[in-house]
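Read-outs: derived from the displayed coordinates by stated rules, not from any lab. The model shown is predicted, which means the values in this text are computed figures rather than measured ones. Cβ coordinates were reconstructed from backbone atoms using ideal geometry, including for glycine residues, and neighbour counts include every protein chain displayed.
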Amino acid sequence: MSPSLRPWALFGLLLAATVPAVAQETPAASAAAPPGPSAEMLKKAKDVGLHPENRRGATVYCWEDAEVGTRFKTKKCVPESQLDELVARREAAQQNARQGNCAGSNCSH
């Protein structure tokens, strides 16, 4: 083999040796992914106006609303770790609005 081809041959051998290792790591990494919220929680999130999105490999739950004093809607998102709390607050606000017990920033008169 000529001296000018030796670096390329070495590169090819290194590449061939690492590709199977990378391919084997991918399924193990996906199997170790933390479980997401239950189907029931996803349904509750959808019922209160949230939708899941994927950002940087993590699932976040988003909604759009307008800030007080503007008509421009902004997108707001929370990570899965805050989903239970947000769904509970929104369900409570909906329940209070149905009963006519509006209080706080979730109600308008």
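For region 35-103, GluC sites (Glu not before Pro) are listed when DSSP marks them as loop and at most 10 other Cβ atoms sit within 10 Å of their Cβ; the list is GLU67.
Over region 39-104, calculate the relative contact order: mean separation of alpha carbon pairs under 8 Å at least 6 apart, over the residue count, as a percent. Dividing the mean separation by the residue count of region 39-104 yields 24 percent.
Is there a quick way to get the dipole size of region 39-104? I mean about its Cα centre, with the Cβ of Lys and Arg at +1 and of Asp and Glu at -1; what is the value in debye to the nearest 20? Provide the component values of the computation, followed by the final result.
Working: 12 positive and 10 negative charges, 42 e Å.
For this selection, approximately 200 debye.
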